[in-house]
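> Dropping the structure in here first, questions after.
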Amino acid sequence: MIEDNVQVCAVLRHFKSDSPYLAFGDEFWIEELNEEDRKQLASDLKHFNNYPYDKHLVARWYYIGGGKSLSVLRDNSLALFGPLFTAMKLFKTGHLLMPLCFYCHRKKWRDMALHGEENYGVGYGLGMGERPYELSAADIQPFQDFKAALAPYLRFLNFGCIPYRKPPKPLQTVDMRCLFATHLFLDTSGQRDNYFLLFDWVLAYTNGLESLYLLQSDRRKADNLAARVAVVLGQDEEDKNRLRDIVTRFYKVRNAIVHGSLLDDAQDEFVQQNIWSYQDILRKSILAFLDLNRTNSSKKMVVRHLCEALSNPSLRRTIRESLGLLKLAK
């Protein structure tokens with residue numbers, strides 16, 4: 001029946017585009033909400049509070065059929081919205097959130113909270129609304145290409161389930177070594193706003209980078225982490241120096257936090273000005289290691305190659321050229 005074919009939608013917070021409507025083939029579309037749309041959603045949905053940055057929806061057509069109405073939102077969050085959110089966050093930088101999903105069937109509205117700022121604006125001066133996630137009409141095909149390339153790497157990563165324990169059988173298509181870093185990167189979008197949010201982010205991003213670049217046996221962890229990040233992501237000497245400086249200084253902030261020390265004025269200012277760059281370092285590192293892990297059988301082998309590349313320009317170029325996902329991302 002035609003009435004069982006409904007639009008299932010998710011709200012995009014901090015999203016910005018040069019077009020009011022973005023079509024991604026037959027799979028889904030993104031559209032801008034007008035003021036009347038937002039008033040209706042605020043009236044009909046339990047979890048829509050009409051925040052000023054909730055201006056877009058991602059939507060798809062979905063056939064409900066008999067007996068499926070109670071699982072529609074759960075099924076779509078796992079099958080579409082979760083993987084889509086992961087791909088969007090890894091494709092380019094920006095403070096994108098997906099706070100809820102919803103649909104209306106036979107004049108009855110149903111919605112489900114996903115993640116995002118519950119007490120909007122309480123956090124530590126992050127200026128979240130000043131860091132929108134921008135996707136233009138020209139980005140549609142590059143994003144589709146990136147999403148298709150990413151899918152085999154993260155096939156078993158869904159929105160709410162991260163496999164902390166080793167799988168019972170070896171997986172042939174997914175390397176588990178990147179999943180913890182990916183979880184930490186995405187988890188910062190699921191945190192509720194609080195006065196320690198900035199500290200949460202610093203710890204999450206540092207732990208994510210450590211899980212990728214460092215071995216348990218490493219000494220001088222800050223120096224090794226900064227050097228290896230520069231090898232993988234640095235475009236030239238100036239960029240390498242910038243990356244080393246950011247990572248080293250954030251590691252010192254991390255140490256201050258976990259050992260209960262207060263930040264001085266210089267550290268406080270540095271963190272607020274560079275937290276988004278630090279987030280982007282983790283995003284790009286995840287994409288890089290998804291490829292590095294596929295061509296190296298163990299983390300020790302990856303780290304050994306990175307250490308060799310510190311003094312081998314030819315090996316650095318080879319490593320950079322092998323990072324296919326990073327080339328497709330923004």
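> Near residue 327, which aspartates and glutamates are there with a Cα under 13 Å away, not counting those fewer than 8 places off in the same chain?
List returned: 145, 291.
> Right, here's the next one. Length gain on complete extension for the stretch residue 78 to residue 238, per 0.36 nm per residue less the alpha carbon to alpha carbon distance?
Once the chain is fully extended between residue 78 and residue 238, it gains 53.4 nm.
> Defining a contact as two alpha carbons under 8 Å apart and six or more residues distant in sequence, what relative contact order in percent does the stretch 219-330 show?
Computed value for the stretch 219-330: 30 percent relative contact order.
> Quickly estimate the mean residue ellipticity at 222 nm for the chain, helices only: each DSSP H run with n ≥ 4 gives -39500 (n - 2.57), and the total goes over all residues, rounded to 500.
When only DSSP H runs of four or more count, the value is -15000 deg cm²/dmol.
> Kindly count the pairs of lysines across the stretch 193-315 whose alpha carbons are less than 22 Å apart, treating pairs on different chains or eight or more residues apart as eligible.
For the stretch 193-315, the number of qualifying lysine pairs is 10.
> Here is a further query. Quick one, which of (i) 48, 24, 16; (ii) 36, 24, 18; (iii) 31, 27, 17 is the actual semi-axes √(5λ) of the Cα gyration tensor in Å calculated for this model?
(ii)
> Within the stretch 16-30, whose backbone N sits under 11 Å from a point 7 Å along Cα→Cβ of residue 7?
Zone members listed by number: 29-30.
> Note down the net charge around residue 60, summing +1 for each Lys or Arg and -1 for each Asp or Glu among other residues with Cβ under 11 Å from its Cβ.
-2
> In nanometres, what is the gap between the two model label sites at residue 145 and residue 24, each 7 Å from Cα along Cα-to-Cβ?
Between residue 145 and residue 24, the label points sit 1.7 nm apart.
> List the lysines whose Cα sits under 25 Å from the Cα of residue 39, skipping any in the same chain fewer than 8 residues away.
16, 55, 107, 108
> For the chain, build the charge dipole from Cβ charges (+1 Lys, Arg; -1 Asp, Glu) around the Cα centre, then report which of 226, 273, 20 sits farthest towards its positive end.
226
> Quickly work out the residue 44-to-residue 259 label distance, labels modelled 7 Å from Cα along the C-beta direction, and quote it in nm with one decimal.
5.6 nm
> Then there's this: For residue 314 and residue 113, FRET efficiency with R0 = 51 Å and r from the beta-carbon atoms, rounded to 0.05?
For residue 113 and residue 314, the calculated efficiency is 0.50.
Values in this text are rule-based calculations from the coordinates and carry no lab data. Everything numeric here is computed off the predicted structure, so don't read it as measured data. Every residue, glycine as well, gets a Cβ built from its backbone with ideal geometry; the counts of neighbours run over all protein chains shown.
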